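Here the structure comes first, spelled out in structure tokens, and everything after it is commentary.
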Amino acid sequence: MSIQGKILRELQSAPRSRKELKRKIGNDKKVSRGLEILLEKRQIARRGDLYFLIQKKRKGIPCTIVKLGKTFGFAHPLDESGDIFVPGRSLQGAMPGDQVEIQLFDRPRVPGSREGEVVAIVSMRQEFVGTVERQGAGKLVLVPDDAPETPLRIRRSFQQDVEPGERAAALLSRRADNHEDHRVEIVRVFGSGESAKDCARSILYSQDLQKQFPPEVLKEAQALENFEIPAVELVERLDLRDWDIFTIDGASTKDIDDAISLEATNKGWRLGVHIADVSWFVAAHSELDREAFRRGTSVYYADDVIPMLPKELSNGVCSLNEGVDRLAFSCLMELDKQGGLQSYRFVKTIIHSRVKGVYTELNQLLAGEADQTIQQKYSNVFPQLVEMQKLHQVLNARRKKRGGMEIESGESKLLLDEQGKCIGVCKAQRGQTEEMIESFMLMANTCAAIEGKSKGLPFVYRVHTAPDEERIERLKTMLKAAGVNVSLSDQPSPLEFSRLLDKTKGTGLERAVHTAVLRAMSKAKYEPLPKGHFSLALEDYAHFTSPIRRYPDLAIHRILSAALEGHKNLDKRFGQFAEKASLQSSQRELVAMQTERTIEDCYKAEYMKTKVGQVFDGVVSGVTNHGLYVELPDTVEGLVHITRLSRGEPIVVDGIAIDDPFTGRNWRLGDAVKVKCIAASVSTGKIDFDLA
């Protein structure tokens, strides 16, 4: 009888602990593994220290616990049918990330709502990251980042390993039916919760994001380190080494995906977008490919990066560094004088970048403000730059005419000292050359989507669907209450949204309205079927231009390469691959975005901790039941808690204003206010303001 069969036989008579099962069956390791397999198969469940059979009559809705409060939790069904409220007494000690079975209550407290209880914990999350705090006399607890209302007692034997205020990872070593009786063991200490650098390390750890690559991946990467272009590639590829091709990136960029060439013609322009041919180096099913698929994307934070590919590729043989021959995958486009796409072709090439262009230098050059050194550096490519400026203006006008949206995201730039401490924050600036490169990448990505759709290739599209009616109605209500005099139809076009964004740009309502529009939109994601891109106002779109740092681009390169080489049965070869790559890339993108945002908040709080007591000018950027969110010109945002706005009971009006009935004062979205910084928590990334 298998070990799973023996476990099931023992559990038929009564629930048993792991210790009892090991005593009855023997072989500790096999019992532990057998329990894991049976939990994954949902044949057994665990409550506290006991394992028991899942009876069919008890089986509920498969869910994941996604949020815990002091006296409640929320479970997210795997069938996406809508979150379920779970009262604290019915959680059975479940934690965020646990896979559970939920049975709905026949009579919920709120009629029509979905409420239920945990009837089985099927798969348990074991590790949590958070901040160590002292609770009561001699008791240390870990306050998990994703369950701050549920502190976990640290076992006494591990309390000497940590100090209050430190960031740590802990193993949930004892489970109970209620959260107060859980116990954890410290497995890793990251450092002070008052250091953004240490907080970043803990946040990356919690998401399993690490710079180090497995040995087998590094072995493949290092074998490519001294790569030389094979003779067969020199013969078979289109040789563009005599073209004036160059790159434009940030000064510190080391993973250079793209290079540009442009030539004016009698009919318009010949635009070349030349992308690192990463798929030539990263073979399907190789260790490099498996790890790139797992990571999905590079993660950029503060002044560092968690790369998708090892530096031997990302900064080395794949990067389009100046002065060296490189393998590229080029999109060569013919455009008319109105910027209309007349023809395109994808071709494998060899290129030789003339110079590494730097955004700030080129912006100075095009503005006529560059010094002699910068002028000399770009003297050979300056005629092209002038043409690029002309083409960008034409393409940008076309984009605005069709309704391509320009949502101000409020991106920040963090200024760090030599020790990695945040000493300043400013709004990230996008100059002419940044917008120019964006225009050209947009063209190449559009061509990739056209190629995939027209040839019927299995593909990975960048999809952004139109917002639903409910979101549109919420946005209309907010705009009306805020006094924004722009009417939207029942099914607004991208052009309507674009006009709304333009109307509020540069006003006090810019951040609030742009954020509201962003929230009204569906989330852009990757899908194997073309469904259009609403915010870009394009029939279809794909990501082709960043294969060093995004897996969907690498996937597209692999599929297009096979098509160029004339391979047959591409559906059979790449159909499932495109589906899996789309799903994984969407999931990993979401993790990366959330991680980058969380870490940025920690650095901003570290900076503002040095400004406690100082007064700032700001704008009301958000209104909630908790209070007013106020954004400073440098993008730092903090909360004026509602208890600080009135001695009575403040009234929140339509999510756009707070009225104080005691004094008659009110605060609305977009209002200019003076605030004093009264607190900043680095470990949580939260900043508290008071009205000055």
### Task
Tell me which of these Q384 doesn't satisfy, since it passes every other one: (1) surrounded by 18 or more Cβ atoms within 10 Å (Cβ to Cβ); (2) free of Cβ contacts under 8 Å to residues at least 40 places away in the same chain.
(2)
### Summary
Scanning segment 428-439 residue by residue, those more than 15 Å from G357 (Cα to Cα) and crowded, with 16+ Cβ neighbours inside 10 Å turn out to be S439
#### Entry: Candidates A512, A449, A516, A481, filtered to the one that is under 25 Å from V282 (Cβ atoms), not in a loop (DSSP other than H, G, I, E, B) and not charged (D, E, K, R)
A449
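Please tell me if L488 is out of contact with any strand residue (DSSP E or B) (no Cβ under 9 Å at 6 or more places or on another chain), aliphatic (A, V, I, L, M), closer than 30 Å to K572 by Cβ and in contact (Cβ under 8 Å) with a residue 12 or more places away in the chain. If you could, list the steps in order and put the result at the bottom.
Values: out of contact with any strand residue (DSSP E or B) (no Cβ under 9 Å at 6 or more places or on another chain): yes; aliphatic (A, V, I, L, M): yes; closer than 30 Å to K572 by Cβ: no; in contact (Cβ under 8 Å) with a residue 12 or more places away in the chain: yes.
No, not satisfied.
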### Task
Kindly establish whether L495 is aliphatic (A, V, I, L, M), within 20 Å of R399 (Cβ to Cβ), in contact (Cβ under 8 Å) with a residue 12 or more places away in the chain and not assigned by TED's automatic domain parsing to the domain that holds K401.
yes
### Query
Is there any pair linking a residue in segment 275-286 that is closer than 13 Å to A562 by Cβ and in the same structural domain as L332 (by TED's automatic domain parsing) to one that is of a type in the set (A, V, I, L, M) and surrounded by fewer than 23 Cβ atoms within 10 Å (Cβ to Cβ), with Cβ under 6 Å and at least six apart or on different chains, and which?
W280/L327
### Summary
Filtering segment 535-551 down to residues that are β-branched (V, I, T) and either on the phi > 0 side of the Ramachandran plot or in contact with a Leu (Cβ under 7 Å, 6 or more places away or on another chain) (or both) yields I548
### Task
Can you confirm whether segment 682-691 contains a residue that is modelled with pLDDT under 90 and more than 25 Å from T507 (Cα to Cα)?
no
### Query
Which residues, counting only those in segment 97-122, are assigned to a strand (DSSP E or B) and surrounded by fewer than 16 Cβ atoms within 10 Å (Cβ to Cβ)?
L104
### Task
Kindly indicate the residue of segment 524-573 that is assigned to a helix (DSSP H, G or I), touching a strand residue (DSSP E or B) at 6+ places or on another chain (Cβ under 8 Å) and among the aliphatic types (A, V, I, L, M) and also farthest from S498 (Cα to Cα) among those meeting that condition.
L564
### Task
Can you confirm whether segment 186-197 contains a residue that is touching a Phe, Trp or Tyr at 6+ places or on another chain (Cβ under 7 Å) and closer than 30 Å to E434 by Cβ?
yes
### Query
What strands (runs of 3 or more DSSP E) lie completely within segment 613-692 and have 2 or more residues being touching a residue at least 24 places away in the same chain (Cβ under 8 Å) and not charged (D, E, K, R)?
615-624, 627-631, 637-641, 651-653, 657-659, 672-681, 686-691
### Task
Those residues that are in a loop (DSSP other than H, G, I, E, B) and either in contact with a strand residue (DSSP E or B) (Cβ under 7 Å, 6 or more places away or on another chain) or of a type outside the set (G, A, S) (or both), I need them from segment 71-96; list them, please.
T71, L78, D79, E80, D83, L91, Q92, A94, M95, P96
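The values are calculated or read from the model by the stated rules, or taken from the named source; none is laboratory data. These numbers come from a predicted model, not from an experiment. Note: ideal-geometry Cβ built from the backbone for every residue, glycine included; neighbour counts use all protein chains shown.
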